[in-house]
Amino acid sequence: SSDVCSSDLLKRFCSSKSISNDIFEEVIGGINHSEIGYKMAQKWNFPTLFADVMRYHHHPGQAPEEYRDITCIVSLADALDNIEQGYLSPDMIDPYPLHFFEFPSAEEFLEAFSTLEKSFETENLMP
């Protein structure tokens, strides 16, 4: 796998030490999954939007301005998934997308997500 930190053991190690998987991948392998995805998207002639979102989803503040909103959405979705899997703690969420969408804190973002998730469940909009 291209994701050096793909096993549960390594992801849990990263989480326990408050090390982002992205940084761990760069230190161990010299490249991270974001850059690999970007290079593959370019090679396969994906639209620039897709390639840039892949490249910057861990650093959305560095994304080109025209793609920054979608990159922030993907960044927060990725963070939610990693939190639910136990690989990321809320204090490790990149503050840039939180501020971009005017969430004062990770806790408030998670609370808003929880409220939204309950609403979807109530309306039977979730599987």
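Measure off, as a whole percent, the carbon and sulfur share of the 1.4 Å-probe accessible area of region 26-106, all protein chains present.
Working: 2630 of 4700 Å².
Heavy-atom surface of region 26-106 belonging to carbon and sulfur, 1.4 Å probe: 56 percent.
Restricted to Cα positions, what overall size does region 55-127 have along the principal axes? Three whole-Å values, descending.
37, 25, 22
The values are calculated or read from the model by the stated rules, or taken from the named source; none is laboratory data. Being a predicted model, the structure only gives us computed values, none of them experimental. Areas reflect the complete protein model, heavy atoms only, side chains present, ligands, DNA and RNA absent. Shrake-Rupley method; radii C 1.70, N 1.55, O 1.52, S 1.80 Å.
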